[in-house]
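What follows is a single structure, written as structure tokens, with notes after it.
Derivation of every value follows stated rules applied to the coordinates shown; laboratory data play no part. Everything quoted here is computed from the prediction, not taken from an experiment. We place every Cβ from the backbone using ideal geometry, glycine too, and count neighbours over all the protein chains shown.
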Amino acid sequence: MKVGIGLPTTIPGVQRAQVLDWARRAESAGFSTLGTLDRLVYPNYEPLVALGGVAAVTERIGLMTAVLLVPWRQNASLIAKQAATVHALSEGRLTLGLGLGSRDDDYDASGVPTKGRGKRFDEMLDRITRLWAGEEAGYAGGVGPHVGDDPPDIIVGGTADAAFRRAARYGKGWMLGGGAPDRFPELAAKLNAAWAKERRDGEPRRMALTYFALGSDPEGDTARSIGDYYSFNADYAAAVVAGTAKGEDAVRERLDGFREAGADEVVMFPASADPGQVDLLAVVAL
């Protein structure tokens, strides 16, 4: 099982030097992927812009949006162009994880209703994949750097039945967002069923996102960062904070759980922006 690490781009107060140092350390340590989370109405760094920045200071490590929230972005052609740009500048390292997003304020700030977001998501996924396959968008032709021979892999997040259908129709796999390892086999079975229904060849990528906190104050770091990120829903925030793997033993247990559940890759997102967290996780996870 591969182990990736999330960038600290949603940690309150994170600075440029921390993000870039984090990326360099993660590549040097041997993590498989650098991931980003997404929100609009929150002081985080925009995911694709952030990955473009770290692409310039790394050479080998994978880059992934985990996941980019699509429907409130409205413009599928622009998303396709932005992703193709990051993919080209990183020499083929981008995995485009995509999802719906459920926050009303993110949609309100974009002037987009939450109603009908699933239908818009399907339409935008179809548009992105057609553009990457070479469909012309106007007089000048395509919308971004040529990626037809090697486009970014699309991974779809979510646990609704529609998420597995989308993953099988448009993607290379699926990602569990923040759930426990014990749910993974049941959900992966739904992915496999959708994959077979679409008559897809090969095996889908089965991925998971989870949170970790190491160092001298894992409880405090988790409350201040992950707790704040999910503060729009007090009960949910409490559940995510409680479910964060805090300390070396808990991190090992979490990774062992996903390994036994059949995950191909786990991306661990931090509770602290201190780049030393990369080194601490490497000791435990790699």
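Taking H placed 1.01 Å from N in the peptide plane, check which residues at least 5 places from G62 or on another chain put their amide H under 5 Å from its amide H.
T33, L34
For the chain, what mean projected area does the convex hull of the alpha carbons give, in nm²?
14.3 nm²
From the backbone phi of segment 26-41, what are the Karplus-calculated ³J(HN,Hα) couplings (6.51 cos²θ - 1.76 cosθ + 1.60, θ = phi - 60°) in whole Hz, Gly and Pro given as x?
The phi angles translate into 5, 5, 4, 6, x, 5, 6, 8, 10, x, 10, 9, 9, 7, 9, 8 Hz.
In nm, to one decimal, how far is the A242 label point from the Q15 one, both placed 7 Å along Cα→Cβ?
3.7 nm
Take the alpha carbon gyration tensor of segment 210-278, find the square roots of its eigenvalues, order them as a ≥ b ≥ c, and report rounded if a/c is under 1.5; if not, report prolate when a/b exceeds b/c, else oblate.
Oblate, because a/c is 1.5 or more while a/b does not exceed b/c.
E203 to E136: extension gain in nm, 0.36 nm per residue of separation minus the Cα-Cα distance?
Residue separation times 0.36 nm, minus the Cα-Cα distance, leaves 21.1 nm.
Sorted from largest down, give the three principal axis spans of the alpha carbons of segment 153-212, whole angstrom values.
In descending order, the Cα extents are 36, 22, 19 Å.
Report, in whole Å, the centroid distance computed from the Cα atoms of segment 225-261 and segment 43-90.
25 Å
Listing D217, D249 from the residue with the fewest other Cβ atoms within 10 Å to the one with the most, what is the order?
Lowest count first: D249, D217.
What list of ³J(HN,Hα) values in whole Hz, one per residue of segment 232-239 in order, does the Karplus curve 6.51 cos²θ - 1.76 cosθ + 1.60 (θ = phi - 60°) give from phi, with Gly and Pro shown as x?
5, 9, 4, 5, 5, 4, 4, 5
So what is the calculated 222 nm ellipticity per residue for the chain, using -39500 (n - 2.57) for each DSSP H run with n of 4 or more, over all residues, to the nearest 500 deg cm²/dmol?
Only helices count here, giving -14000 deg cm²/dmol.
Tell me, what is the percent relative contact order of segment 2-285, built from C-alpha pairs under 8 Å that lie six or more residues apart?
21 percent
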